[in-house]
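Reviewing the structure listed below.
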């Protein structure tokens, strides 16, 4: 089994700069790399650091890039790490890809945090991608959602089936 | 979606006693409880703390208990946390259960460890259980194995498809 | 031994909001509280959540508040958690306090981070406050500096004796 | 400032072996090394991995080794990481060393644990060693104890001044 991980950014990757005068958190290397280094994977993988943006900042052009990366991929199992705020929009953009399994996931707390949900969420995506048929999915809060049947509760932030 | 988590013990649950003169690590509460408290699950679940043993210490009687708990379960999605040393043996014992999805998983490092694989492995099992048909499976190292098609590399400790 | 901990903010306390659309990191409860809950202290303490600001945003009025809190304190051992960017300025403001031991410290990475220096730095301050005579000090990078004899390397961010 | 860290073992260093069939926790590399790698020290140091034993297993011969290492040290600030069960005994053995500051510390939970007190305790020892006069001390629970004036509460495990 081979999986391509595409980094687009989001909370999952947010880190704190080591310099002085550091106000914001920065998105740097893909958190998924640190997670995979730790779990001794029995599958092959590649990591493509495509974008490093908060998902509120993704433009139509960025979504085109993500789509193109999926189309061009020789690997047919793709996990995209993404900010949770506009993850459903990006999933909708990818609906034209019919010959791959694509799962989008992210995290509510950066992987750097000791109480992060990042490792768990990546695990959920990897567990599901072992089994799923071709299609576009979102993995959050331990559930696998078809991209057309998911919405987000604006109060709790939780993803739900619709 | 509802999942029953059955605790049998193993490295995943190993903790350090808070007393003086503490030699060994103890297995106490199910680590899966701490993991689920942290990830805001979009599914219902129950946790059954059935056994708290290193898997090298499981007896035939213990495996009968695990089998009976699976048979008796009203919930048809079951994740069993288990020591990795004899996880395949227990999976084989469960082969007679035909009407449920049962995934056995564990961890190489206790959930208490800052670099544990526990949260990731539980995530893999939960991701897969969203999708799998009835059967008995093992989830380790990011892969889902049919219980009849898995072995363990005695040198590296990694699980592989056979 | 009794210690008063005064929270003023800084990286040490930075956390991630649990809501959607969360851009910035927030300063909420004092991180020192979480640290002390974990180490079974053999001393008494109070925590005063005075300010929750990045130290670049501290005003002269804020520094007056910090000074007043130190003067008013019945406890004569005080540890102030503070952003590292202007920690020396605040220390200089406190020079008029002659009858107490005051140590200012902070962290380069939030206490929420799994690789944070927060717990260590608080430990350094507490270890020193067991022993120090009255005066104003900064504890960073494992060293105790007299407030008049410390500067910060603008490239590496490390504190050094001058 | 230069500090010599001497590893003797104890809970602080306990780790989990990566092999199969791993019952016990092992003491391997000194945890203090991992802690120091993380905090950007403004002091020089050496680490001497002298022993790797649970402190209940230390023999008179082992304590002689520890004493000799302290006597032979060219560095006059020494921090010894040690199991908490017999830390007072070892401190008493070192009482003949008059020309150095020696602080013994350890941890109730391994440094590998996400909720470990190890980093904090090492911090307390380092903070105090910046300031203390020659003598033998124990640093636990945030307090610095003269080796002749400390005992341990056998129920709570906490160290107290006597």
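Which condition number does residue B:42 fail, the rest of (1) more than 8 Å from chain A (Cβ to nearest Cβ); (2) surrounded by fewer than 24 Cβ atoms within 10 Å (Cβ to Cβ); (3) in contact with a strand residue (DSSP E or B) (Cβ under 6 Å, 6 or more places away or on another chain) being met?
(1)
Can you tell me which of B:80, B:122, B:129 is within 16 Å of residue A:39 (Cβ to Cβ) and at pLDDT 95 or above?
Within the list B:80, B:122, B:129, the selection yields B:122.
Would you point out the residue of the stretch B:117-139, among those that are touching a helix residue (DSSP H, G or I) at 6+ places or on another chain (Cβ under 8 Å) and part of a loop (DSSP other than H, G, I, E, B), that is nearest to residue A:141 (Cα to Cα)?
B:130
Test residue A:106 against the stated conditions and say whether it is facing another protein chain (nearest Cβ under 7 Å) and in contact with a helix residue (DSSP H, G or I) (Cβ under 6 Å, 6 or more places away or on another chain).
no
Those residues that are more than 19 Å from residue A:16 (Cβ to Cβ), in contact with a strand residue (DSSP E or B) (Cβ under 8 Å, 6 or more places away or on another chain) and away from every other protein chain (no Cβ under 14 Å), I need them from the stretch C:48-66; list them, please.
Matches in the stretch C:48-66: C:48, C:49, C:50, C:51, C:62, C:65, C:66.
Let me spell it out: the conditions are (1) modelled with pLDDT under 95; (2) within 28 Å of residue B:141 (Cβ to Cβ); (3) surrounded by fewer than 15 Cβ atoms within 10 Å (Cβ to Cβ), and residue A:21 meets all of them except one. Which number is the exception?
(2)
Could you pull out the residue among B:151, B:125, B:69 that is touching a residue at least 60 places away in the same chain (Cβ under 8 Å) and within 14 Å of another protein chain (Cβ to nearest Cβ)?
Result of the check over B:151, B:125, B:69: B:151.
So, in the stretch C:130-148, exactly how many residues are more than 14 Å from residue D:120 (Cα to Cα), more than 7 Å from chain D (Cβ to nearest Cβ) and under 14 Å from the mean Cα position of the chain (by Cα)?
Summing the residues that are more than 14 Å from residue D:120 (Cα to Cα), more than 7 Å from chain D (Cβ to nearest Cβ) and under 14 Å from the mean Cα position of the chain (by Cα) in the stretch C:130-148 gives 5.
The values are calculated or read from the model by the stated rules, or taken from the named source; none is laboratory data. Just so we're clear, the structure is a prediction, and the values are computed from it rather than from any experiment. Backbone-built Cβ (ideal geometry, glycine too); neighbour counts: all protein chains shown.
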